[in-house]
Amino acid sequence: MIIRKETEKDYEEVYRLIKEAFATAEHADGNEQDLVAALRKGESFIPELSLVAEKDGCLAGHILFTRALVGTDEVLVLAPLSVKPEYQRQGIGSALIAEGHRIAGEMGFEYALVLGSELYYPRFGYVPAEQLGVEVPDGMPSANFMAVRLRDDARPLHGAVTYAEEFGI
């Protein structure tokens, strides 16, 4: 498996990959692929943190981290993480998260937030975000709104989240 930065040539295939990955997901709104397309055009987009996983010459997974704020501190939001159904449960999602965290930490980002499975994300260090000083947005279950410290020297967080406008939150 190869993990690399997404390129413009990948956009159409990534769009289909995300749509397929979320087609049977328990918690999905069906617009995840359109969200990614919109985020790529927005100010929160960080090309170095839009990654794809290739396996057997095919795109098997994608992850995107975009900029957000907690109070006045810049953080990242992981959304979405997508793995084609035939490649799920093979460590591709885990590898994408680990590589994204590594790159983000090297870039100086201190935290990442995610709204996701409280059974999946804790294995990567995610804890309920309120434990790290992040206010839970209205309507989000606190158990599923999580954060991870990406750097040991991270400053404490305190405040509400301001997402990229493309999220509509």
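The values are calculated or read from the model by the stated rules, or taken from the named source; none is laboratory data. Keep in mind that this is a model prediction, so the values were computed, not measured. Don't worry about glycine lacking a Cβ; one is built from the backbone with ideal geometry, like all the others, and counts go over all protein chains shown.
Scanning segment 1-40 for residues that are assigned to a loop (DSSP other than H, G, I, E, B), surrounded by fewer than 13 Cβ atoms within 10 Å (Cβ to Cβ) and of a type in the set (D, E, K, R) turns up Glu26, Asp29.
Does Thr162 satisfy being over 21 Å from Glu12 (Cα atoms), of a type in the set (Val, Ile, Thr) and surrounded by fewer than 14 Cβ atoms within 10 Å (Cβ to Cβ)? No; evaluated as a whole, the condition is false for this residue. Within segment 112-128, can you find the residues that are farther than 17 Å from Leu81 by Cβ and surrounded by 15 or more Cβ atoms within 10 Å (Cβ to Cβ)? Of everything in segment 112-128, just one residue is farther than 17 Å from Leu81 by Cβ and surrounded by 15 or more Cβ atoms within 10 Å (Cβ to Cβ), namely Pro128. Every test in (1) touching a residue at least 60 places away in the same chain (Cβ under 8 Å); (2) more than 20 Å from Ile103 (Cβ to Cβ) is passed by Glu12 save one, and that test is (1).
The condition (being in contact (Cβ under 8 Å) with a residue 40 or more places away in the chain and either within 24 Å of Lys19 (Cα to Cα) or acidic (Asp, Glu) (or both)) is satisfied by just one residue among Glu86, Glu118, Glu130, Glu99: Glu99. Residue selection: Ser50 fails the criterion of being over 17 Å from Gly93 (Cα atoms), among the polar types (S, T, N, Q) and either at pLDDT below 95 or in contact with a strand residue (DSSP E or B) (Cβ under 7 Å, 6 or more places away or on another chain) (or both).
Quick check on segment 124-152: of everything there that is modelled with pLDDT under 95 and of a type in the set (D, E, K, R), which residue is nearest to His101 (Cα to Cα)? Checked segment 124-152; the qualifying residue nearest to His101 (Cα to Cα) is Asp152. Those residues that are among the charged types (D, E, K, R), over 26 Å from Pro137 (Cα atoms) and surrounded by 14 or more Cβ atoms within 10 Å (Cβ to Cβ), I need them from segment 49-71; list them, please. If the condition is that a residue be among the charged types (D, E, K, R), over 26 Å from Pro137 (Cα atoms) and surrounded by 14 or more Cβ atoms within 10 Å (Cβ to Cβ), then Glu54, Lys55 are the ones that fit. Tallying residues that are small (Gly, Ala, Ser) and part of a strand (DSSP E or B) within segment 116-167 yields 2.
One residue alone among Ala38, Ala28, Ala21 is small (Gly, Ala, Ser), touching a helix residue (DSSP H, G or I) at 6+ places or on another chain (Cβ under 6 Å), at pLDDT below 95 and closer than 28 Å to Thr162 by Cβ, and that residue is Ala28.
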